[in-house]
1. With a 1.4 Å probe and every protein chain left in place, work out the accessible area per residue of segment 44-168 in Å², rounded to a whole number.
2. Ignoring any ligand, DNA or RNA, what whole percent of the accessible area of segment 188-321 comes from carbon and sulfur when the probe is 1.4 angstrom?
3. Evaluate the distance, in nm, between pseudo-label points positioned 7 Å from the Cα of residue 243 and of residue 401 along their respective Cα→Cβ axes.
4. Suppose the chain between residue 319 and residue 17 were pulled fully straight at 0.36 nm per residue; how much longer would it get relative to their current alpha carbon spacing?
5. Can you compute the FRET efficiency between residue 171 and residue 383 using 1/(1 + (r/R0)^6), with r the Cβ-Cβ distance and R0 = 35 Å? Round to the nearest 0.05.
6. Would you list, by chain and number, the aspartates and glutamates whose Cα falls below 14 Å from the Cα of residue 279, excluding same-chain residues fewer than 8 positions away?
7. In nm, to one decimal, how far is the modelled label at residue 262 from the one at residue 24, with both set 7 Å along Cα→Cβ?
8. Calculate, in whole percent, how much of the Cα-Cα pair population of the chain lies beyond 38 Å.
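The values are calculated or read from the model by the stated rules, or taken from the named source; none is laboratory data. This is a predicted model, so every value here is computed, not measured. Glycine also receives a Cβ, built like all others from the backbone with ideal geometry; neighbour counts cover every protein chain displayed. The area values use the complete protein model at the heavy-atom level, side chains included, leaving out ligands, DNA and RNA. Shrake-Rupley method; radii C 1.70, N 1.55, O 1.52, S 1.80 Å.
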Amino acid sequence: MSSVLDELLAAARLRVAADRRAASLSTLRRDALRLPTARRFEAAIRAGDRIAVIGEVKRASPSEGSLAGATDLSAIARRYAAGGAVALSVLTEPTRFGGRDDDLAAVARIGLPVLRKDFVTDPYAVWQARLLGADAVLLIVRALDAATLRACLEAAGEAGIDALVEVHDSADLERALGVDATLIGANARDLDTLEIDRDAAAHLVRAAHAAGATVVAESGLRGPADGAAAVAAGADGVLVGTSLLRADDPEHAVRALAAIGRAEPRPLPPPVPLYPRVKVCGTRTPAAVRAAVSSDADMIGFVVDAASPRAVTAKRVRELAAPLTGRPRPVLVMRSASFDETSAAMRDSGVDGVQLAGHTAPPTWLARLPGEGPRIGVVHDPSAARDAIGSVEAWLTAGATHVLL
């Protein structure tokens, strides 16, 4: 006998097959890559000192049936936003949830990062989500074989959106971590039986948090007490739908959840620049400086590590950097340097920007450096994306303005 999940996946495959006849994958990719940069869904959840609330809108669900009053989903979503939700989730699955693609497009216009909640069966649906205005897409581990899960994650990366990788048991979590997922949803609801097991979900939250993932607790969250329990287990955010939709005042219900503090606040990420920042490095001659300036570089790196074949002295940097005013900013590139060595190089060169390589962790003295120039931390060869994210956060907390991977 087929489960609810089996039925939903079969329906999703039929929809994708029909959609492919109307528009090819290459057409979707071409159109999606022309869109402006997506909003930062995972960053909105991971950062801050309060739990991140993802408010979900849907018209129905297999466990609850039709949700009375869930007609103008964008109006409900606006009330979530007013209550302090940092992101939104929209069910677009039509057969059991009554969802519509138009619902996602309407909610995306509110301005918060938006997750397309549907049953993805291949990368085609990832590109569809991007075109509809989604900033993230749901990938259910048990719905995808290993190759398809990896392909969908890669498609999300290419499309510039995040993937919420949903797990329900330890085997799911092992697979999610194996493909280097950074944003993991621990679903307390078994999609085969629709039963809720909060204790099992809390175990998954703890394990995913320990692995360095950004963790979202999903399903069965009825109010602040459940939200606080999720935070205690290590969740960065909660995805809440039915209880908010049934609340007399959804805005107040979101506000009560959003007031829950985190045990481990994380720094806010720097804003996304309008264009990629470019640093020209290893500069040793006036001609190279002029070339960097004429090429509109943002920063020019001068290597003052004596062991480097591109090294120059701090005195020579002073001469080379003398003509620079405004942009590009000069930066001293150092390796495994102490505070005294860094300070001396900055003093002798007259350059207050520095890039610090060779440190396994950010030096505790970073914020004590003089001046207001760039402070670039270097992350060396992380074993996984989750490790890289943790290292970036450590540098930002220590006072870095930029991080070089």
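1. Accessible surface, normalised per residue, equals 32 Å².
2. That fraction is 57 percent.
3. Distance between the two pseudo-spin positions: 4.4 nm.
4. Fully extending the segment from residue 319 to residue 17 adds 102.3 nm.
5. 0.95
6. In chain and number order, the partners are 296, 298.
7. 4.4 nm
8. Of all Cα-Cα distances in the chain, 30 percent exceed 38 Å.
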